[in-house]
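Colleague: The structure under discussion is supplied below as structure tokens; questions concerning it will follow.
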Amino acid sequence: MHMKRMKEGEEGSDGSPSKSPPEACKKVRKMSKELEAVAATESPDGNWARLPQELLLHIFQYLPLLDRAYASQVCRGWNQAFHMPELWRCFEFELNQPASSYLKATHPDLIKQIIKRHSNHLQYVSFKVDSSMESAEAACDILSQLVNCSLKTLGLISTARPSFMEVPKSHFISALTVVFVNSKSLSSLKIDDTPVDDPSLKVLVANNSDTLKLLKMSSCPHVSPAGILCVADQCHGLRELALNYHLLSDELLLALSSEKHVHLEHLRIDVVSENPGQHFHTIKKSSWDAMVRHSPKFNLVMYFFLYEDEFGPFFNEEIPVTHLYFGRSVSKEVLGRVGLHCPRLVELVVCANGLRPLDEELIRIAKHCTQLSAIGLGECEVSCSAFVEFVKMCGRRLSQLSIMEEVLIPDHQYSLDEIHWEVSKHLGRVWFPDMMPTW
């Protein structure tokens, strides 16, 4: 079926404003001439309409979707190439409301055509929606119709606030279950900020336990520790996992450390406070030790968005964290505990601390965190001499050093004009403080 021709000013099939017909024709004619030159070497009569399908497929893979749609109108052969299954295995649905979003959107006619002709070809699919509930509901409607597909990857992405959370829970679960039941071979699932729940995870496990390798589900309030434990118990090939701290438990870590489970490569934990004074449970050191014994090279990434008085349960014993990010103000005491109990630390970002210099804490981190290679400091204070000593202790393993200029406090040894020369000497490369944060 040929794509219908579009009037000037209408949106293209990929949602971007269409080029005017004369401009589009020029583009197609230019493409035709280029292909004619190639065809002259492929067939004696130089007929570009008889280009091999393999060559057309190779060319179409490099074209944006809108240009492929224009090219499909040239001749029957090119239209057939437009619908080759290989071109529809990977697709991103962009669902945005024109009244509330400046982002482009996938054309409704194209969505209908994909569901009708290519749903059984889809394998790597993502949905990118804006902040409106209408866009999230449209994504659920599409998911509900993918009954003939066998997806390998699925991602649900909210570009602004989590709009999937506003969709009726039953509608979302019903749509997601269609994919879980029909796919049978899901290897990657990204469903952060969605109303997924324990029963739907059981459906996921029942149909995809042998293939699931990556699961990202941070900020999913309807999932319980028992629900995520069910996934870990059954999906022994799971290599990457992202979740909120309230789902983390000693039982989960032990399940991920069992002999029948593959080595975990990446565990991300978001530690977020919903209300000031919130209580957080403690994970036993023995559970972390079991995890390290089983997967000695795994990355433990932790994002902290807590108030200062909520850090009591953390960093009192050794923890195998490798990447540590503090999104809110963190006290000198907590950073001191980090220096003592995080020997595997590779990257540290402190967005804010206060007005008390972190000289002793940085030196302690440099001394005990011998794998540290990246650090970022924002609204903190460090004396220039302590900072130079920190860099000297870490040496050239500091591949990333992002320090805001206002963090550094001149002292009797170094001024701001002098410090970059001294730091550059120890790093073995030219270094200057940042004017803007780069993390």
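Colleague: Failed condition for Y70, given (1) closer than 27 Å to S187 by Cβ; (2) in contact with a Lys or Arg (Cβ under 7 Å, 6 or more places away or on another chain), with all others met?
Modeller: (1)
Colleague: Tell me which residues, restricted to the range 338-376, are under 21 Å from D309 (Cα atoms) and within 30 Å of the chain's Cα centre (by Cα).
Modeller: V338, G339, H341, C342, L348, V349, V350, C351, A352, N353, listed by residue number.
Colleague: List every residue pair whose Cβ atoms sit under 6 Å apart, with the two residues 6 or more apart in sequence or on different chains, where the first one lies in the range 250-270 and is among the acidic types (D, E) and the second, anywhere, is open to solvent by 80 Å² or more (accessible area, probe 1.4 Å) and part of a loop (DSSP other than H, G, I, E, B).
Modeller: Sorted first by the residue in the range 250-270, then by its partner, the pairs are D250/K284; E265/R239.
Colleague: Of the numbered conditions (1) out of contact with any strand residue (DSSP E or B) (no Cβ under 8 Å at 6 or more places or on another chain); (2) within 18 Å of V382 (Cα to Cα); (3) of a type outside the set (D, E), V350 fails exactly one; give the number of that condition.
Modeller: (1)
Colleague: Here's another thing I want to ask about it. Could you identify the single residue in E422, E418, E389, E406 that is within 16 Å of L358 (Cβ to Cβ), modelled with pLDDT under 95, in a helix (DSSP H, G or I) and of a type outside the set (G, A, S)?
Modeller: Of the residues listed, the single one that is within 16 Å of L358 (Cβ to Cβ), modelled with pLDDT under 95, in a helix (DSSP H, G or I) and of a type outside the set (G, A, S) is E406.
Colleague: Let me ask something additional. If E265 meets every condition in (1) modelled with pLDDT of 95 or more; (2) open to solvent by less than 40 Å² (accessible area, probe 1.4 Å) apart from one, which number is that one?
Modeller: Of (1) modelled with pLDDT of 95 or more; (2) open to solvent by less than 40 Å² (accessible area, probe 1.4 Å), only one is false for E265: (2).
Colleague: If you don't mind, there's one more thing I want to ask. Can you find, within the range 156-184, the residue that is nearest to L204 (Cα to Cα) among those that are touching a strand residue (DSSP E or B) at 6+ places or on another chain (Cβ under 8 Å) and open to solvent by 60 Å² or more (accessible area, probe 1.4 Å)?
Modeller: Among those that are touching a strand residue (DSSP E or B) at 6+ places or on another chain (Cβ under 8 Å) and open to solvent by 60 Å² or more (accessible area, probe 1.4 Å), it is I157.
Colleague: What number of residues in the range 363-385 are part of a helix (DSSP H, G or I) and surrounded by 20 or more Cβ atoms within 10 Å (Cβ to Cβ)?
Modeller: Number satisfying all stated conditions: 3.
Colleague: Look through the range 105-114, keep the residues that are open to solvent by 20 Å² or more (accessible area, probe 1.4 Å) and under 26 Å from the mean Cα position of the chain (by Cα), and return whichever of them is modelled with the lowest pLDDT.
Modeller: Only one residue tops the list, namely H107.
Colleague: Quick one: what pairs do we get from the range 393-417, first residue touching a residue at least 40 places away in the same chain (Cβ under 8 Å), second open to solvent by less than 70 Å² (accessible area, probe 1.4 Å) and assigned to a helix (DSSP H, G or I), C-beta under 7 Å, 6+ apart or different chains?
Modeller: I409/C384
The values are calculated or read from the model by the stated rules, or taken from the named source; none is laboratory data. Because the structure is a prediction, the values reported are computed rather than measured. Every residue, glycine among them, receives a Cβ derived from its backbone with ideal geometry; neighbour counts consider all protein chains shown. With ligands, DNA and RNA removed, areas are computed over all heavy atoms of the protein, side chains included. Shrake-Rupley method; radii C 1.70, N 1.55, O 1.52, S 1.80 Å.
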